Amino acid sequence: MEINKSLKLYNTFRVDCISESFINITSTTNLKKALLSNSFRNKFILGGGSNLLLTKNIKDLCLHINIKGRKIIKETSKSIYLEINAGENWHKLVLWCVENNYGGIENLAYIPGNIGAAPIQNIGAYGVELQDVFSSCMVMEKKTGKIEKFTLNDCEFNYRDSVFKNNYKNKFVITSICLKLSKKNHKFNLEYEGLRDEIENKDINLRNIFNAIIKIRKNKLPDPKKIGNCGSFFKNPIIPSNHFNLIQKKFINLPYFKISNNFFKIPAAWLIEKVGLKGFKKNEVGVHISQPLVLVNYGNASGKDILDLAHFVKNKIKKEFDIELEFEVNII
Ligand SMILES: Cc1cc2nc3c(=O)[nH]c(=O)nc-3n(C[C@H](O)[C@H](O)[C@H](O)COP(=O)(O)OP(=O)(O)OC[C@H]3O[C@@H](n4cnc5c(N)ncnc54)[C@H](O)[C@@H]3O)c2cc1C
């Protein structure tokens, strides 16, 4: 166990908080032992740190999930079932799948973080979500160390949401996931105009989609290695149609995505830009200049500085549009 370890390099906001007690977990046996340790009542689970904002030092036992490995557990003529352990890097998995002609996650290229956290918010990008290829995951109950299997239905996936953010929040550690991927006749998702434009005049295949996604993301999103950030800080709000109609009357060009006759999703980035906060900067923190969904740490901001900015943005949107923005990032 490491004592008083700085987590600055373990979170992509690059916030300097201390973990009073830190263990690198490399196997489920280690994990069970650590979870059942009586010295700490609570255990904090850390993956790649790309979706959390640390606002205080961690007094709980911090378990950095680093369980490696992957294997094909079943194969048919059309698909494979691939089991990947929680400590593997997500993007490296996508790359490996593209290299081996396994289809389904190429649109999710270049999302930072580890496998174990992917089901927590049902990661998604460019028209694809984890749930589209998800078969099951194995979890360990934090209280008992008992292993359980969660199927697709058990996970209750939704837009950036799952049972692990709701009823089972902080109850389980995800130790591996199983994905069903295609071996041939891949179903390419070119729903996004930007992706279609990028791939124009090229063959539509896994490699070209993968490369196009990386190019788009590199142009759009700040690199956490250069400027601390956690990608989108806010979820895109989903509002009822009567509320949507009121806003649309005022802003004819309001962008939206129709979820059903009764609900519409609005880009939070558009709302933030409309209240004049795109590129807003205060001391060491700010709203990114070209991607307003992203809050950034320009230097040595604390987690509280970033959280204060998040509330400032949220309050402005509430006041102007009567919309309650939800945080996508986990606040610790
Ligand atoms: C530049 C950038 C771009 C991004 N783009 C996207 C995007 O396009 N789409 C998207 O969905 N997300 C995106 N994200 C967010 C992030 O990459 C994902 O949410 C990712 O899955 C987080 O993985 P992680 O290992 O870093 O999780 P962490 O940040 O370490 O943890 C996130 C949460 O999950 C919990 N957790 C972590 N591992 C486990 C486990 N094994 N078992 C149980 N709980 C666990 C943690 O306690 C924490 O609450 C982006 C982030 C950045 C920095």
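Computed from the coordinates by the stated procedures, all read-outs in this text should not be read as laboratory data. Given the structure is predicted, the values throughout are model-derived calculations rather than measurements. Here Cβ is always computed from backbone atoms with ideal geometry, including for glycine, and neighbour counts include all displayed protein chains.
With runs of 4+ DSSP H residues as the only contributors, calculate the mean residue ellipticity of the chain at 222 nm using -39,500 (n - 2.57) per run, divided by the residue total and rounded to the nearest 500.
-7000 deg cm²/dmol
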Q: Past 25 Å, Cα to Cα, is the threshold; run Lys5/Lys68; Lys250/Lys319; Lys74/Lys143; Lys215/Lys318; Lys225/Lys278 against it and keep the listed order.
A: Lys74/Lys143; Lys215/Lys318
Q. What nm value, rounded to one decimal, do you get for the distance between Phe251 and Tyr159 when each label is placed 7 Å out toward the C-beta?
A. 1.5
Q | In region 234-324, the GluC sites (Glu not before Pro) that fall in loop regions by DSSP, at most 11 other Cβ within 10 Å | A | Glu324
Q: Loop sites only, by DSSP: take the trypsin sites (Lys or Arg not before Pro) in the chain that have at most 14 other C-beta atoms within 10 Å and name the longest stretch containing none of them.
A: 227-332
Q: Pick out, from Ala125, Gly104, Leu307, the residue whose Cα sits farthest towards the positive end of the charge dipole of the chain, with +1 on the Cβ of Lys and Arg and -1 on the Cβ of Asp and Glu.
A: Leu307
**Q.** Per residue Cα convex hull volume in Å³ - calculated over the chain
**A.** 142
Q | Amide H contacts of Ser135 (H built 1.01 Å from N, under 5 Å, at least 5 apart or other chain) | A | Cys178, Leu179, Lys180
(Q) Can you give me the convex hull volume of the Cα atoms of region 70-220, divided per residue and expressed in Å³? (A) 108
Q) Name the residues of region 70-96 whose amide N is less than 17 Å from a point 7 angstrom out from the Cα of Ile214 along the C-beta direction? A) 89-96
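Using the crude model of +1 on Lys and Arg Cβ and -1 on Asp and Glu Cβ, and no other charge, please compute the dipole size for the chain relative to its Cα centre, in debye to 20.
380
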